[in-house]
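What follows is one structure encoded as structure tokens, with my remarks underneath.
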Amino acid sequence: MVSSRFRKFSVATSLGMLIILLNGALVTNMDAGRGCGDDWPLCHGKFIPAYTLESFIEYTHRLTTGIEGILVVGMFIASFLLFKRDKVAFKQPLVFASSSLFFTILQALMGAAAVKWPQSPWVMAIHFGISLMAFASTLLLVFWAYRNRDGQAVEFSVPRSFFPRLLGLAVYIYVVIYLGAYIRHTDSGGGCLDWPLCNGKVIPDFEGAETIVFIHRIGAVILSLAIAGVFVHIRRKSGANKGLAPMAKLALILVLTQVLSGALLTLTITNSNWFVFTNLLHNLIVSALFGVIMDMLVRSWRLREGAR
């Protein structure tokens, strides 16, 4: 049985990681990455930064990362102490907690390196991907904690065909997300100023920023179709995978919502105030979508037929 205190702790850790992820996106959108100059962990050589918007945003990001780091370490220790004697349950919470600790440290080191030694947009886009992995790890722990709140979670077997499909889907969505992060770090969002067309054309001229934005849009369309295909496949096997069907449905809803948020992002690109909001919304939805897909991936492997 997982205690209420542990469940609340896992939720707080996951929310903290989500705040870091969104705060990092805000730093990029507001061009505040150099808000503290070349200093790290100080800000312009001070514990309390100068009163500028860029300094405030960057320093807040660093502060929340430090607090979240304490929560992640605490969650790792709690998972080890609480479940080390439970040979059945031990592996999952410790794996999730270890993964979140690893990616949290990695993203902090990458953030520090980006301040000390400015990185290329390709490298900076990876920073968001690492933050996404850290968030997904904490979210998986939340899912596990609530499924086991009354003892052992209800388990079932799923067809072995689920795992390779979901693995391919997880890898593919990571690539699409990376392209989106690259667009932000290169300020290429204005490559297509309308939606669903790209500058009034079905097929653009593939010049400059148009190219990467259009590729990202095509990738999002393929992703939507892929998730719809996985949803249909899982529903057909509903007799054997009752636990995965709700998550597949949620993934389908999230990806459709993500497409709409992408359209909203394009329509507000010329309004800086609204663009910041729609960009954060876009990041929020895709983070939740990635976490749901990772949950289905992990469970499809652990509960595959013949695994036990």
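The values are calculated or read from the model by the stated rules, or taken from the named source; none is laboratory data. The model shown is predicted, which means the values in this text are computed figures rather than measured ones. Cβ coordinates were reconstructed from backbone atoms using ideal geometry, including for glycine residues, and neighbour counts include every protein chain displayed. When the accessible area is computed, the model is the full protein with side chains, heavy atoms only, and any ligands, DNA or RNA have been set aside. Shrake-Rupley method; radii C 1.70, N 1.55, O 1.52, S 1.80 Å.
Suppose we filter Leu252, Leu244, Leu223 for residues that are open to solvent by less than 30 Å² (accessible area, probe 1.4 Å), touching a helix residue (DSSP H, G or I) at 6+ places or on another chain (Cβ under 7 Å), modelled with pLDDT of 95 or more and assigned by the TED database to the domain that holds Tyr182; which single one remains?
Working: Leu252 fails: open to solvent by less than 30 Å² (accessible area, probe 1.4 Å); Leu244 fails: modelled with pLDDT of 95 or more.
Answer to the selection: Leu223.
Checking the stated criteria, Arg147 turns out to be in the same structural domain as Leu71 (by the TED database) and over 20 Å from the mean Cα position of the chain (by Cα). Restricting Ile269, Ile215, Ile203 to those that are among the aliphatic types (A, V, I, L, M), free of Cβ contacts under 8 Å to residues at least 60 places away in the same chain and not in a helix (DSSP H, G or I) reduces the list to Ile203. Applying the selection to the range 226-240, what residues are over 25 Å from the mean Cα position of the chain (by Cα) and either under 22 Å from Val255 (Cα atoms) or open to solvent by less than 30 Å² (accessible area, probe 1.4 Å) (or both)? Matches in the range 226-240: Arg235, Arg236, Lys237, Ser238.
Summed over the range 188-200, the residues that are within 14 Å of Thr211 (Cα to Cα) and in contact (Cβ under 8 Å) with a residue 12 or more places away in the chain give a count of 7.
Quick check on my filter: what residues within the range 261-308 are open to solvent by less than 10 Å² (accessible area, probe 1.4 Å) and among the basic types (Lys, Arg)? Those that are open to solvent by less than 10 Å² (accessible area, probe 1.4 Å) and among the basic types (Lys, Arg): none in the range 261-308.
Any idea which residue in the range 147-166 is nearest to Val255 (Cα to Cα), counting only those that are open to solvent by 70 Å² or more (accessible area, probe 1.4 Å) and modelled with pLDDT of 90 or more?
My answer is Arg165.
Of all the numbered requirements in (1) more than 21 Å from His282 (Cα to Cα); (2) in contact with a helix residue (DSSP H, G or I) (Cβ under 6 Å, 6 or more places away or on another chain); (3) at pLDDT 85 or above, Trp40 misses one, and that requirement is (3).
Of the residues Leu179, Leu141, Leu193, Leu169, which single one is modelled with pLDDT under 95 and in a helix (DSSP H, G or I)?
Details: Leu141 fails: modelled with pLDDT under 95; Leu193 fails: in a helix (DSSP H, G or I); Leu169 fails: modelled with pLDDT under 95.
None of the others qualify; the one that does is Leu179.
Pairs are defined by a Cβ separation below 6 Å, a sequence spacing of at least 6 or placement on different chains, a first member in the range 3-27 that is at negative phi, and a second member that is outside any helix (DSSP H, G or I) and open to solvent by 10 Å² or more (accessible area, probe 1.4 Å); the pairs so defined are Val27/Gly33. Flag set for Ser55, criterion: modelled with pLDDT under 85, farther than 23 Å from Leu284 by Cα and in a helix (DSSP H, G or I).
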